[in-house]
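Notes follow the structure.
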Amino acid sequence: MAKNIIIDLQGIGKTFDGPAGPIHALKEVSLKVYSGEFVGVRGPSGSGKSTLINMITGIDRPTRGAVKVTGELLNNMSEDQLARWRGKNVGVIFQFFQLLPTLTVMENIILPMEFCHAWKPKERPERAMHLLDQVGMTDQAQKLPNMLSGGQQQRAAIARSLANEPALVIGDEPTGNLDSKSADKVFYLFEELVKQGKTFMMVTHDLGLASRIPRVIEVLDGDLFENGNRPK
Amino acid sequence: MKISFLKVWRDLWLNKGRTLMVIMSISVGVMAVGMVVSSNILVTRQMGDTHIESNPSHALLYLAGVVDEDTISSLERIPSVKGVEGYSNSYIKWKTTLDGKWEDGSIISYAELENQTYDKMTLKDGAWPESKFIGVEEVHIQSFNAPEIGGTVYFEINEHPRAYTVNGILRNPWVFPAPMSENAAFYVTQNDFAKIAGYYGFDTLQITVPEYSKENVEFAIDEINDKLEFQGMSIAFSEILHPEEHFLQEIVSGVGLVLTVMAIASLGLSVMLVINTINALIAQQIPQIGIMKTIGSTRRQITILYMSAIFIYGLLSLVIAVPIGAYAGNALAKWMLNLLNVPATPFEILPNVLLLQIFIGLITPLVAGIFPILKGVAIPAAQAISQTGIGRGQYGYRLIDRLTSGIRGIPILAALALRNTFRRPGRVALTLLTLTISGAFFIMVSSTQYSFVKTIDTIFDGFGNEVQIEFEQDQRIEEVIPLIESRPNVKNAEMWVFRIADAKVPGTSGPGSEYEVFVRGVPSKSPIFKPKLTAGRTLDPADARAILLNQKLAGKMGVGIGDEIVIDLPDAGESNWTIVGLVFDLGGRDQNTAFADIDTLNRTLNNVGKSAVVMIQGTEQNLEIQQAIEADMIEFFDAKGMTIDSSAVATEERNNAAAQFGILTNLLMMMTVMMAIVGSMGLSGTLSINVIERRREIGVMRAVGASSKDVGIVFTGEGLMLGLTSWLFAVPIGLGVGPVFVKALGSVIDFPAEYHPAINSVWIWFGIVVVLSIVASWIPARRATQISVNESLAYE
């Protein structure tokens, strides 16, 4: 059975204005990712990895080219349309976890459901506990993020990224701020997600983890390479 | 509760310091408005109510002489007059112990005190006066230590004390406490009045007309005067009163207006503080906004979240501002009413003021916060999320950055404090504006106080007499002056002539054409009379019927230098006088004075060489010498059988006048203090926000070896830098706008004060701003010193 294209970047470029002139963070790159794929993104600092991720999540817009994710063309969407689309279709995991410090772990997970009106209000706590169970965090549900270790916070952030059952989960160096043991546990969760049918894309500097990812894209000076070639 | 609103609540609760800061910022403005508006309403309403309750007369006629009840009955038969009531008022000497010192006072008597018709007094305690039993003015018990019920008052009758017992406490709407009044007032029966004052009858009339209008009252006064003149009497001067408006309402409204302006200014400062704090709050929350956008929140949802937070700030501020505002408003009203001898009302929360406070407390912060929120929410998610860590805000690109970083050779901590101070230009501008306005108001109000005192000094210096005595009857000038100048402590003396007359522009007639004028005959070459001229020249002995006219009266009459006016002097008829100068003085009633050469005036009055008023200068200018001269004069002339009707000591009068204006300027200073509190709160808030924003930098400083003291110095330095910069702005603004403020206030209270800048206040504010800056920096600086390296570098 042919798999669906979930990420379809068509000649996208991103240029920033810097004090010393324009900076080409991405140079007309194209990329296709299919549903159920586990894709890694590697590259040195400043190569354009985060810019690429931001294009895919609709957090930022390309200077040129078309971005199609989960079948939607993102280029013409408004900020609010993008936010609502993202909330429903894409789960984002950050390097620094980015849990809201004044909400408990469970409340952090319910928040995207509330924003996107997903699930009935009464069902949301149960759903949150289910997700926390998946990441082994049910006993930490009522704690504030600052009371947790980095690994625990990241597992909570993963649970939050899954709140609205997105088809695509994106991690921007999700293990970059964790010790190797925690990173390993978190990576195992990602593998589990892929087994469950999620499409997962993550940026990583960790060569060991990258070696466990079936498909790895290299980003270098704003260009994408796969097995030494530009991806088709 | 929805999770998103739970976030709002937790943000408020977990940032108690910031929450308290915003709530206090809103509260100060809302409280100031509540206090001033409440007191304005309470005072105006109570003044109006008590005025109407007293059944006010339409005019007071002060007679040159006394009338009996038959005359009053005959006046009531004049068709233009509805009712007439008379009372007597005489200056007396009183004391509470036989060996005590005589005090100046007054006694007031009506035909039937308990059955008055107009401007009715109220019996507050005890009984109405009866034979040998007197009433005392309620507010004078405290003001002048007058005895209460059961106490004894000795009045001077034929140089002997006679005891009367106080059996009642009364309130007379026309009598005020000190410093608005100089002497204690007592109420006595007509017979006792005759025994104490030495005459029987009424020297003042209260009248009403069938239908009130100024023209009708003026017409009635003219008819009464005609009838009195027919009987050999006359009206010395009159005062028309509005039946529905308290006679002091205009001044009270003026003061209320000034206070309202200052309350609105306080509210404005509060709003700036709120804008600053909300701006900082949003700036701090931008990464969270980015995250919320990432997980699916729309701009509308985020806007509603933060607007809800502001709404809660507003609600909580009302909890503080409403009760304090109501309490302070009632207290201020009570204080003002007490000054005006109007009974205070019970504590009251005014529904309209409550609604106004709710409106201001809820709407103002929302309006102040909407722009920072919309600005924050509009930041794209990518940019919002990336705002973590050191180096936010692109330091170094702006002119101010280049200027401050160009200052070299100063200690590194001072350089850091200097450069950090101006890193957030918007925030700095609002903080500076708040502190600058506070400082400018302080300097303006101080200059107002100083200007009032200096103006009073100028006026008293212009009338350089230190002691004034007035004989009961005219005396021969050439006989009296040598007698006075032979007495101890007297440097020189001269006699003046006082008359009350009517003035008008030649060729005018009818109602409104005549102006009451207090004419004073003064020696043209007087060492005592050196008034402040605002135009023209002083009097010259060679002048023929030249006059100096009060500038305010000249303005009312529409006349100036070189113009002629007609003066209708009692017993002398009309004569034409040429205005040679305009003077600034506070004499007469409502500054309606005119000064002529005494000899010229006396010739017009057919009173050559005579006068009743003596102006004396002492050998030394101090209160003790002046009081000694006054006492000596009374004793000396009494022994000669020449009765002194009244006497006054200039320093006492000057102090009293200054005290009266002091009431207003102290009120203004109270509002200024409130502004200074808002200003220091703004400074403290700004520094607290700086600490929050720069936790990572503080961590880095700590990591490279900064001690707690070093970190504290940087933040205290920032506070001082802001405080002193605001001082630099406040000084020119305060001194520059001061003359406008003094002029505006002067026109409100009808006192054309000259502007004198209070230079001392500039340095006092410097001291205050330094102390405020250090105090306001202390909490944020202390918080900064408590940040550990781990905590700050891990901070998100």
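Based on this model, can you work out whether B:Gln617 counts as in contact (Cβ under 8 Å) with a residue 40 or more places away in the chain and assigned to a strand (DSSP E or B)? Yes; evaluated as a whole, the condition is true for this residue. The test for being within 23 Å of A:Arg84 (Cα to Cα) and without any contact (Cβ under 8 Å) to a residue 60 or more places away in the chain does not hold for A:Ala167. Taken over region A:174-202, the criterion of being in contact with a strand residue (DSSP E or B) (Cβ under 6 Å, 6 or more places away or on another chain) and away from chain B (no Cβ under 14 Å) is satisfied by A:Phe190, A:Leu193, A:Val194, A:Lys198, A:Thr199, A:Phe200, A:Met201, A:Met202. Restricting region A:83-123 to residues that are more than 8 Å from every other protein chain (Cβ to nearest Cβ) and assigned to a helix (DSSP H, G or I) leaves a set whose member that is nearest to the chain's Cα centre (by Cα) is A:Asn89. Of the set (1) within 13 Å of the chain's Cα centre (by Cα); (2) buried (at least 23 other Cβ atoms within 10 Å of the Cβ); (3) modelled with pLDDT of 90 or more, all apply to A:Ala156 but (1).
Can you confirm whether region B:330-343 contains a residue that is buried (at least 19 other Cβ atoms within 10 Å of the Cβ) and closer than 26 Å to B:Leu687 by Cβ? No, region B:330-343 contains no residue that is buried (at least 19 other Cβ atoms within 10 Å of the Cβ) and closer than 26 Å to B:Leu687 by Cβ.
Just to be sure, is B:Leu318 buried (at least 19 other Cβ atoms within 10 Å of the Cβ) and away from chain A (no Cβ under 14 Å)? Criteria met by B:Leu318. Number of residues in region A:45-70 that are of a type in the set (Val, Ile, Thr) and either within 13 Å of the chain's Cα centre (by Cα) or within 12 Å of another protein chain (Cβ to nearest Cβ) (or both) equals 6. If we scan region B:26-33, do we find a residue that is part of a helix (DSSP H, G or I), touching a residue at least 24 places away in the same chain (Cβ under 8 Å) and either more than 36 Å from the chain's Cα centre (by Cα) or more than 30 Å from B:Val342 (Cα to Cα) (or both)? For region B:26-33, residues part of a helix (DSSP H, G or I), touching a residue at least 24 places away in the same chain (Cβ under 8 Å) and either more than 36 Å from the chain's Cα centre (by Cα) or more than 30 Å from B:Val342 (Cα to Cα) (or both): present.
Scanning region A:71-81 for residues that are at the interface with another protein chain (Cβ under 8 Å from one of its Cβ atoms) and out of contact with any Pro (no Cβ under 9 Å at 6 or more places or on another chain) returns a single hit, A:Asp80. When each of B:Leu539, B:Leu553 is tested for being free of Cβ contacts under 8 Å to residues at least 60 places away in the same chain, out of contact with any strand residue (DSSP E or B) (no Cβ under 6 Å at 6 or more places or on another chain) and either within 26 Å of B:Ile456 (Cα to Cα) or surrounded by 17 or more Cβ atoms within 10 Å (Cβ to Cβ) (or both), the lone residue that passes is B:Leu553.
If the condition is being within 11 Å of another protein chain (Cβ to nearest Cβ), within 22 Å of A:Met55 (Cβ to Cβ) and crowded, with 22+ Cβ neighbours inside 10 Å, then region A:163-173 contributes A:Asn164, A:Ile170, A:Asp172.
For region B:219-234, the candidate set comprises residues that are buried (at least 20 other Cβ atoms within 10 Å of the Cβ) and not small (Gly, Ala, Ser); within that set, the residue that is nearest to B:Val748 (Cα to Cα) is B:Ile221.
Of these, B:Glu250, B:Glu244, B:Glu215, which one is surrounded by fewer than 16 Cβ atoms within 10 Å (Cβ to Cβ), of a type in the set (Asp, Glu) and part of a loop (DSSP other than H, G, I, E, B)?
B:Glu244
Being part of a helix (DSSP H, G or I), within 30 Å of B:Ser181 (Cα to Cα), touching a Leu at 6+ places or on another chain (Cβ under 9 Å) and modelled with pLDDT of 80 or more is a description that does not apply to B:Asn666.
Of all residues in region B:295-307, those satisfying the criterion of being over 16 Å from B:Gly369 (Cβ atoms) and either more than 8 Å from chain A (Cβ to nearest Cβ) or surrounded by 22 or more Cβ atoms within 10 Å (Cβ to Cβ) (or both) are B:Ile295, B:Gly296, B:Ser297. Here the helices (runs of 4 or more DSSP H) wholly within region B:330-411 that include at least 1 residues being at pLDDT 90 or above and more than 14 Å from every other protein chain (Cβ to nearest Cβ) are B:351-378.
For every residue, the table says whether it meets (1) in contact (Cβ under 8 Å) with a residue 12 or more places away in the chain; (2) closer than 20 Å to B:Thr71 by Cβ; (3) in a helix (DSSP H, G or I); (4) under 23 Å from the mean Cα position of the chain (by Cα).
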| position | (1), (2), (3), (4) |
| --- | --- |
| B:Asp226 | no, yes, yes, no |
| B:Glu229 | no, yes, yes, no |
| B:Ala236 | yes, yes, no, no |
| B:Val255 | yes, no, yes, yes |
| B:Thr260 | yes, no, yes, yes |
| B:Ile264 | yes, no, yes, yes |
| B:Gly268 | yes, no, yes, yes |
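Inside region B:65-108, residues that are within 24 Å of B:Gln473 (Cα to Cα) and within 34 Å of the chain's Cα centre (by Cα) make up a count of 15.
Okay, residues lined up against (1) in the same structural domain as B:Ile196 (by TED's automatic domain parsing); (2) in contact with a Cys (Cβ under 9 Å, 6 or more places away or on another chain); (3) closer than 30 Å to B:Arg499 by Cβ; (4) surrounded by 16 or more Cβ atoms within 10 Å (Cβ to Cβ):
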| site | (1), (2), (3), (4) |
| --- | --- |
| B:Ser4 | no, no, no, yes |
| B:Leu12 | no, no, no, yes |
| B:Ile23 | no, no, no, yes |
| B:Thr44 | no, no, no, yes |
| B:Gly48 | no, no, no, no |
| B:Glu85 | yes, no, yes, yes |
| B:Tyr91 | yes, no, yes, no |
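The lone criterion from (1) among the aliphatic types (A, V, I, L, M); (2) under 30 Å from B:Ala344 (Cα atoms); (3) assigned to a helix (DSSP H, G or I) left unmet by B:Ile72 is number (2).
One residue stands out among those in region A:13-44 that are among the charged types (D, E, K, R) and within 14 Å of another protein chain (Cβ to nearest Cβ): the one that is farthest from A:Leu207 (Cα to Cα), which is A:Asp17. Check whether at least one residue in region B:273-294 is within 14 Å of chain A (Cβ to nearest Cβ), closer than 27 Å to B:Leu14 by Cα and free of Cβ contacts under 8 Å to residues at least 40 places away in the same chain, and report yes or no. Yes: one or more hits.
The sole residue among B:Thr421, B:Thr455 that is more than 30 Å from B:Glu718 (Cβ to Cβ) and surrounded by 20 or more Cβ atoms within 10 Å (Cβ to Cβ) is B:Thr455.
Yes/no per residue for (1) of a type outside the set (A, V, I, L, M); (2) surrounded by 20 or more Cβ atoms within 10 Å (Cβ to Cβ); (3) farther than 17 Å from A:Val186 by Cβ:
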position: A:Asn75; (1), (2), (3): yes, no, yes
position: A:Asn89; (1), (2), (3): yes, yes, yes
position: A:Leu111; (1), (2), (3): no, yes, yes
position: A:Cys116; (1), (2), (3): yes, yes, yes
position: A:Leu144; (1), (2), (3): no, no, yes
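Taking region B:126-151 as the range and being surrounded by 15 or more Cβ atoms within 10 Å (Cβ to Cβ) and not in a loop (DSSP other than H, G, I, E, B) as the test, the residues that pass are B:Gly126, B:Glu130, B:Phe133, B:Ile134, B:Gly135, B:Val136, B:Glu137, B:Glu138, B:Val139, B:His140, B:Ile141, B:Ser143.
The values are calculated or read from the model by the stated rules, or taken from the named source; none is laboratory data. Because the structure is predicted, anything quoted here is derived from the model rather than measured. We place every Cβ from the backbone using ideal geometry, glycine too, and count neighbours over all the protein chains shown.
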